Amino acid sequence: MVQAADPYVKSVFALNGDPVQGNAIFQINCAGCHGLQADGRVGPSLQGVPKRKSRYGLIHQVISGETPPMPKFQPSAQEMADLLSYLESL
């Protein structure tokens, strides 16, 4: 599991995410399975996902590749901060 001491996590949390950029990243990389409005298709709905998963849990979900068919995704720290910001805006 991703830990708070992980340098990647520290760098993500140190940044301010932009939900508009996060939406663009989501549309390109995630919407094919999670739906254009993050309301679910092949993958589950992500509406309200921050209420179900911590920021650590969300980062782990995105970067680990442990939940096939979701691919392992390696966004930059800024992209991850933007994606978290977008998910938190849903």
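The values are calculated or read from the model by the stated rules, or taken from the named source; none is laboratory data. On a predicted model such as this, the values are computed, not experimentally measured, just so you know. No Cβ is skipped: glycine too gets one built from the backbone with ideal geometry, and neighbour counts run over all protein chains shown.
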Report task. May I ask you to list pairs of residues, at least six apart or on different chains, whose Cβ atoms are under 7 Å apart, with the first in the range 64-87 being small (Gly, Ala, Ser) and the second being modelled with pLDDT of 90 or more and part of a helix (DSSP H, G or I)? Result -> Ala77/Tyr8; Ala77/Ser11; Ala77/Val12; Ala81/Val12; Ser85/Pro19; Ser85/Gly22
Query raised in the report: Quick check: is even one residue across the range 54-68 in a loop (DSSP other than H, G, I, E, B) and at pLDDT 95 or above?
Result: no
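Yes/no per residue for (1) at negative phi; (2) in a loop (DSSP other than H, G, I, E, B); (3) polar (S, T, N, Q):
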residue	(1), (2), (3)
Val20	yes, no, no
Gly40	no, yes, no
Gln47	yes, yes, yes
Lys51	yes, no, no
Report task. Considering only the range 32-63, state which residues are within 26 Å of Ser11 (Cβ to Cβ), surrounded by 16 or more Cβ atoms within 10 Å (Cβ to Cβ) and free of Cβ contacts under 8 Å to residues at least 12 places away in the same chain. Result -> Gln61
Query raised in the report: Which of the following residues is of a type outside the set (Ser, Thr, Tyr) and within 11 Å of the chain's Cα centre (by Cα): Pro68, Pro50?
Result: Pro50
